[in-house]
Amino acid sequence: MVERIKTFDDYKEFKYELAGRPLVVKTGKVAGLANGAAIVQYGETTVLATATASASPREGIDFLPLSVDYDEKMYAVGKIPGGFLKREGKPSEKAVLAGRVIDRPVRPLFPKDLRNDISLLLTIMSVDPDCSPEITAMIGASIALSISDIPWNGPIAGVFMGLVDGKIVVNPTAEQRAVSDLELTVAASEGKVVMIEAGANEVADDVMYDAIMQAHEECKGVVAFINSIVAEIGKPKFAYASGELDHDMFDEIFAYCEARVMEALDTDDKNVRDAKMQPIMDDIVATFEEKYPDIKVILPELIYKIQKKIVRRWLLVDKKRVDGRRMDEIRPLASEVGLIPRVHGSGLFTRGQTQVLTIATLGTLSDAQKLEGLDEQTEKRYMHHYNMPGYSTGEAKPQRSPGRREIGHGALAERSLVPVLPSEEEFPYAIRLVSEVVSSNGSTSQGSVCGSTLALMDAGVPIKAPVAGISCGLITAEDGSWDTMIDIQGLEDFYGDMDFKVAGTKKGITSIQMDLKVDGLTPEIIKQALETTHQGRNEIIDKVILPAIAEPRAEVSKYAPKMISMTIDPDKIREVIGKGGSVIQKIVADTGAKIDINDDGSVFIAAVERDAAYKAKAIIDAIVFEPVVGETYEGTVTRIIPIGAFVEYAPGKEGMVHISKLQQQRTEKVEDVVAIGDTVRVKYLGTDEKGRQNLSMRDAEPKADAE
């Protein structure tokens, strides 16, 4: 039900109810110079969404230069940014991932020949923990584009789905998300699903499918709401200069080189294919340069489209794949663990020409990553980082800091393994994985999932079950026909219509990420993709992961820190730390152990040598030790006064033996019985009214048998 609120001048306000909470859209109030702008408020979460386009394309651009920025403002949650500058810096990892999630459903709906710069900026201005800012921003992006004059074939809508106590929940609250077995984001148009992103606690395929379908139904209502706004205030779309290649020229050059390109593509070796294509490209330039003077400029796009036409025809009509595989066949698989000496764990996963080497490092819980963002998560103990250097694709280029793609692939692999990790209580370590893509020819993100499983098991991390990942591709035709294929390689990814990545155990799904180049998926395609990837990941687990390492190693590497844990009375934490940290610093210096103490009294001690960890534990045990009245202890005489002797009966614990309690008979002088440094047995008598601890040597002696 759409409710029109009020109108004055250009300001308009619209209201819709989504999952029991108000979704309010305000237009005409701010950002009037953008092509399209709206303030979108869901609950009390508020996002300013703006869409801006350049007046004309930049020269030489042969792609759509679209940027989607998810701009987190710390004031949205009432925080002042940390650091010296006290202002927002580069986007957080979560902001990068949110931008990618919005980019993926939006990008395929632009005209294929549009070359104008497009900028989507989603500014997060306030956050209600029960109303997802990511979903609000996705809806805001759709509204800003839809009401603007920018050519776009939307609208779309997005919802977040949870699974609480076995029930599917739309846009769960913060409390529900904390116990949900599913984190599913779905974007959809009125007729098709456009984007799927999920993290799941081994959720079954049929449950995942039902959640996706229910999400689509919710999206349909939001799409209708956006369409009603467009009908009232939407601008006519502007005309643009098409970036499409001249069709007659393309047909002429395609006919000239078709046979040779087909022969060059017909191999499973990327290096061979590239080598065969180079002379063909040189010949095209030499033959057509006089007729088409700009042939060198458009050559990359021209070759892309020639190869695309051939590969798509092979897949859809001939059911032929570049490397000769069946549509349901995975490339040759191999795996190995323990490759790298001294690291805590390593695993190499190979699928065709895709190879990922993953390294595991174990650290103390204080090594957990500290987070500063708009949600309530402040740290994470499991981290996965993904690197794809130039040599992995045969390119000569310098190494740079990770980009949005690397961050996204690392986060996807990280999310895939989280559901099978042991709890902090079971395995009190921080865990970092680094996946080095050493060779790339398709679906390296899922290769890093498999490499992560191998490395974790090699490191002795007791994961609940091995996780594997695989991708499913799609090819479609204008007549509506389609087909899917398992384990797509580079060409099939470049020229196909979908990269549907699913990771999970044999029991269920742990993550999904779907990239599309078409306007959406039907339920039939989604169902087949889920079935195909399930079979694929089972094959990988059975054929290469378990044969390489059947279960996690019984112990962590000898080079990894050995961790022991203990619990102390929280009131004793101050004694263990000492004034200015003096006590704990001395323990660390004396033992070489690393010690983390939590406010609840849990203590984690780590050392490369296990004996050092136990030595530190013994010292802490002694510090927090509380004597029991009537118990006997062994101690050392530390000093003597006329009325008695002081005995240290535990580290840092000292009491006095009164002269009358040194021995059974009368004692004239303390020195007649003990000397400083003597080891004696004492009985703990408790404390007096002044808090002094009283001991007795006489009562600690075994009593003689009565005559």
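If Rh is defined by the Kirkwood formula over all Cα pairs and Rg also comes from Cα, what ratio Rg/Rh do you get for the range 380-519?
That ratio equals 1.02.
Over what distance in Å are the Cα centres of the range 293-320 and the range 67-95 separated?
For the range 293-320 versus the range 67-95, the Cα centre distance is 42 Å.
Keeping all protein chains in place, calculate the accessible area per residue for the chain (probe 1.4 angstrom), answer in Å².
That works out to 46 Å² per residue.
Based on the mean of other beta carbon atoms within 10 Å per residue, what is the order of 191-197, 233-239, most packed first?
Descending mean neighbour count gives 191-197, 233-239.
To the nearest 20 Debye, how big is the dipole of the range 48-188 about its Cα centre, given +1 on the beta carbon of each Lys and Arg and -1 on that of each Asp and Glu?
That gives the range 48-188 a dipole magnitude of about 240 debye.
Taking the Cα atoms of the range 286-398, report the difference between the largest and smallest coordinate on each principal axis, in whole Å and largest first.
66, 36, 32 Å, listed from the longest principal axis down.
Order the peptides 431-440, 63-72, 282-291, 524-533 from the highest to the lowest mean number of other Cβ atoms within 10 Å of their residues.
431-440, 524-533, 63-72, 282-291
With the contact rule set at Cα under 8 Å and sequence spacing of 6 or more, what percent relative contact order holds for the chain?
With pairs under 8 Å counted, the relative contact order is 9 percent.
Can you run phi through the Karplus equation (6.51, -1.76, 1.60; θ = phi - 60°) for the range 117-131 and list ³J(HN,Hα) in whole Hz, with x for Gly and Pro?
Result, ordered by residue: 5, 10, 10, 10, 10, 10, 9, 7, 9, 7, 10, 9, x, 8, 10 Hz.
With n ≥ 4 as the cut-off for DSSP H runs, can you work out [θ] at 222 nm for the chain, using -39500 (n - 2.57) per run divided by the number of residues, rounded to the nearest 500?
After summing the helix terms and dividing by the residues of the chain, the value is -9500 deg cm²/dmol.
Under unit Cβ charges (Lys, Arg +1; Asp, Glu -1), what dipole magnitude, rounded to 20 debye, does the chain have relative to its Cα centre?
1120 debye
Can you list residues from other chains, or at least 5 along the same chain, whose modelled amide H is less than 5 Å from the amide H of G442?
Amide H neighbours of G442, under 5 Å, 5+ apart: G490.
N153 label point, 7 Å along Cα→Cβ, cut-off 11 Å on backbone N: hits in the range 514-539?
Residues 517-520 qualify, since their backbone N sits under 11 Å from the label point.
Consider a paramagnetic label point 7 Å from the Cα of S56 along Cα→Cβ; state which residues of the range 234-250 have an amide N under 11 Å from it.
Flagged as within label range: 241.
Can you give the local net charge around G601? Use residues other than it whose beta-carbon is closer than 11 angstrom to its beta-carbon, Lys and Arg +1, Asp and Glu -1.
Here the count lands on -3.
Between R666 and K15, with labels modelled 7 Å along Cα→Cβ, what's the label distance in nm to one decimal, could you check?
9.8 nm
For helix 205-233, what angle does its Cα long axis make with the longest principal axis of the chain, in degrees from 0 to 90 and rounded to 10?
Value to nearest ten degrees: 60.
HN-Hα J couplings of the range 37-52 from phi, Karplus 6.51/-1.76/1.60, θ = phi - 60°, integer Hz, Gly and Pro as x?
Here the 3J(HN,Hα) series is 8, 7, 8, 10, 10, 10, x, 10, 6, 10, 10, 9, 10, 10, 10, 9 Hz.
R0 = 41 Å: FRET efficiency of K397 with D206, Cβ-based, nearest 0.05?
The computed FRET efficiency comes out at 0.40.
Taking θ = phi - 60°, what integer Hz values does the Karplus form 6.51 cos²θ - 1.76 cosθ + 1.60 yield along the range 245-261, in sequence order, with x for Gly and Pro?
My calculation for the range 245-261 gives 5, 4, 5, 5, 4, 4, 4, 5, 6, 4, 4, 5, 10, 3, 4, 5, 5 Hz in order.
Using the basic label-point model (7 angstrom from Cα toward the beta carbon), what is the K586 to D678 distance in nanometres?
Taking the simple label geometry, K586 and D678 are separated by 2.6 nm.
Normalising by the residue count of the range 559-663, find the relative contact order in percent from Cα pairs under 8 Å and 6+ residues apart.
In percent, rounded to a whole number, it is 22.
Students often get this wrong, so try it: which of [x] 64, 32, 22; [y] 49, 38, 25; [z] 39, 32, 22 is semi-axes √(5λ) of the Cα gyration tensor in Å as calculated from the structure shown?
It is the value labelled [x].
Let me spell out the model: positive unit charges on the Cβ of Lys and Arg, negative unit charges on the Cβ of Asp and Glu, origin at the Cα centre of the range 542-598. What dipole size does that give, in debye rounded to 20?
220 debye
Ordered by packing density, taken as the mean number of other Cβ atoms within 10 Å over each peptide's residues, highest first, how do 110-117, 83-90 rank? Kindly include the intermediate steps, with their values, before the conclusion.
On the way: 110-117: 17.0, 83-90: 9.1.
Taking the mean over residues of other Cβ atoms within 10 Å, the ranking is 110-117, 83-90.
Quick one: which residues, 5 or more positions from T45 or on another chain, have an amide H under 5 Å from its amide H? H modelled 1.01 Å from N in the peptide plane, none for Pro or chain starts.
Correct list: D128.
Rank I143, V170, A76 by how far each Cα sits towards the positive end of the charge dipole of the range 72-190 (+1 on Lys, Arg Cβ; -1 on Asp, Glu Cβ) and give me just the farthest.
The residue sitting farthest along the positive end of the dipole is A76.
Principal axes first, then extents: for the Cα atoms of the range 1-122, list largest minus smallest coordinate on each axis, whole Å, largest first.
For the range 1-122, the Cα spread along each principal axis is 46, 42, 29 Å.
Find which of H658, I233, P341 sits farthest along the positive direction of the dipole of the chain, computed with +1 on the beta-carbon of Lys and Arg, -1 on that of Asp and Glu, about the Cα centre.
Ranked along the dipole, the leading option is H658.
So for the range 1-125, averaging the separation of alpha carbon pairs under 8 Å that are six or more residues apart and normalising by length, what relative contact order in percent results?
It comes to 27 percent, rounded to a whole number.
Angle between the Cα long axis of helix 295-313 and the longest principal axis of the chain, 0 to 90 degrees, nearest 10?
80 degrees
Using modelled amide H (1.01 Å from N, peptide plane; none on Pro or chain starts), what sits under 5 Å from the amide H of V608, excluding residues fewer than 5 places away?
Long-range HN contacts for V608: K562.
Go through G191, A700, A37 and say which Cα lies farthest out towards the positive end of the charge dipole of the chain; charges sit on Cβ, +1 for Lys and Arg, -1 for Asp and Glu.
Final value for the positive-end residue is A700.
Work out, in µm²/s and without decimals, the Stokes-Einstein translational diffusion coefficient of the range 111-261 at 20 °C, 1.002 mPa s, Rh from Kirkwood over C-alpha pairs.
In µm²/s, the coefficient is 119.
How big is the C-alpha Rg of the range 226-360 next to the rule-of-thumb value 2.2 N^0.38 Å, as a ratio?
Working: Rg = 22.5 Å, N = 135, 2.2 N^0.38 = 14.2 Å.
Against the empirical 2.2 N^0.38 Å value, I get 1.59 for the range 226-360.
Take the solvent-accessible surface of the protein heavy atoms, probe 1.4 Å, and return the percent of it on the chain that carbon and sulfur atoms account for.
Solvent-exposed carbon and sulfur of the chain make up 51 percent of the total.
Can you tell me the FRET efficiency between Q278 and D117 if r is taken as the Cβ-Cβ distance and R0 is 45 Å, rounded to the nearest 0.05?
Using R0 = 45 Å, I get an efficiency of 0.90.
The values are calculated or read from the model by the stated rules, or taken from the named source; none is laboratory data. None of these values were measured; they are calculated from a predicted model. Positions of Cβ are backbone-derived with ideal geometry, glycine not excepted, and every protein chain shown enters the neighbour counts. The area values use the complete protein model at the heavy-atom level, side chains included, leaving out ligands, DNA and RNA. Shrake-Rupley method; radii C 1.70, N 1.55, O 1.52, S 1.80 Å.
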